[in-house]
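Written below as C-alpha cells is the structure these notes are about.
Rule-based calculations on the coordinates, nothing more; no lab input. Because the structure is a prediction, the values reported are computed rather than measured. All Cβ positions, glycine included, derive from the backbone under ideal geometry; neighbour counts span all protein chains shown.
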Amino acid sequence: MVEFSPHSAPRDTGWIEVIAGCMFSGKTEELIRRLRRAKIAKLEVKIFKPKIDNRYSENEIVSHSEQSLPSIIVENSKAILEQSENAQVIGIDEAQFFDNDLIDVCNQLADNGKRVIVAGLDQDYRGIPFEPIPQLLAVAEYITKTLAICVNCGNPADKTQRKIKSGERVLVGASDSYEARCRKCHYIPEE
Ligand code: ZN
C-alpha cells in the first residue's frame, strides 16, 4: 500500500486526494492542515466552497475546532475550473453540496498538473452514499477516511446522526442538529 506523503508526491503530474467521513470527524481540519503546508512551501493555493454553506464564516473554510483559511464561494463546480488557472494546489470543502460535474472538474484540474484536495461527507444522515463523493473516491489517487467518536458508546464513528425531524437531505447545521454515531448506535430518524 502506498500512502500519500509530501516526500513521495508524484512528479510532473497532478492528482486527486479525497478526505471523506461523517460530521465531526475532522475533515476540514485535515484539509486546512494540508493546505497550510502547501502555503508554507510557497505553492499557489486556492480554496473553494459551495454557496450553500454559510455557517460560521462567508469567506473562509472553518473547522469545528475553529481553524480557518480564506476561501472563494462558488455557485457551481464549473466556476472552480474558471478560477483555478494560476493555482498549483486546489482545496475544495463541503464537496457533497456540489453537483456531479465536480468529478469531471477535479479530473480536468488533476490532468492539468494540479494537486486537488477534496473534503466532504461520504454518507447522508441515513447512511446513503452522498454524491459526488463516492465517484470522487473512485477516481482519486489518495483517500483518507476520517472517523469521529460515537457520542453514545465511544466507538469509532462513521455515521452522521440527525437529531431533529426533517426529510430534507441537505439541512445545514452543527452540533445542535447532528452528532457522530457508530454503525451500532446510528438510526434513521422518523420523517
Ligand atoms: Zn456507538
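Annotations for the structure displayed:
- Flagged links, alpha-carbon separation over 18 Å, of Lys27/Lys78; Lys78/Lys114; Lys42/Lys78: Lys27/Lys78; Lys42/Lys78
- Its Cα gyration tensor gives region 15-146 an equivalent ellipsoid; the semi-axes, largest first and in whole Å, are 19, 17, 14.
- Partnerless cysteines in the chain, where a partner means another cysteine C-beta under 4.7 angstrom, comprise Cys22, Cys106, Cys153, Cys185.
- A convex hull fitted to the Cα coordinates of region 128-191 yields 102 cubic angstrom per residue.
- Among Val62, Val151, sorting on how many other beta-carbon atoms sit within 10 Å of each Cβ, with the fewest leading, yields Val151, Val62.
- Dividing the mean sequence gap of close Cα pairs (under 8 Å, 6+ apart) by how many residues the chain holds gives a relative contact order of 28 percent.
- Stretch gain in nm, segment Ala9-Lys78, where the contour uses 0.36 nm per residue and the Cα spacing is subtracted: 22.2 nm
- Assigned charges on the beta-carbon of Lys, Arg, Asp, Glu; the chain dipole about Cα centre (debye): 620 debye
- The local environment of Gln108, defined by Cβ-Cβ distances under 13 Å, has a net charge of -3 under the rule Lys, Arg +1 and Asp, Glu -1.
- Net length gained if the chain between Asn152 and Asp176 were fully extended (0.36 nm per residue, minus Cα distance): 7.1 nm
- The length gained by stretching the chain between Ile143 and Lys165 to full extension, at 0.36 nm per residue less their Cα-Cα distance, is 4.7 nm.
- Counting other Cβ atoms within 10 Å as a rough exposure proxy, the listed residues Asp124, Asp176, Asp101, Asp111 run Asp176, Asp111, Asp101, Asp124 from fewest neighbours to most.
- Highest average first, the peptides 90-99, 158-167 ordered by how many other beta carbon atoms sit within 10 Å of their residues are 90-99, 158-167.
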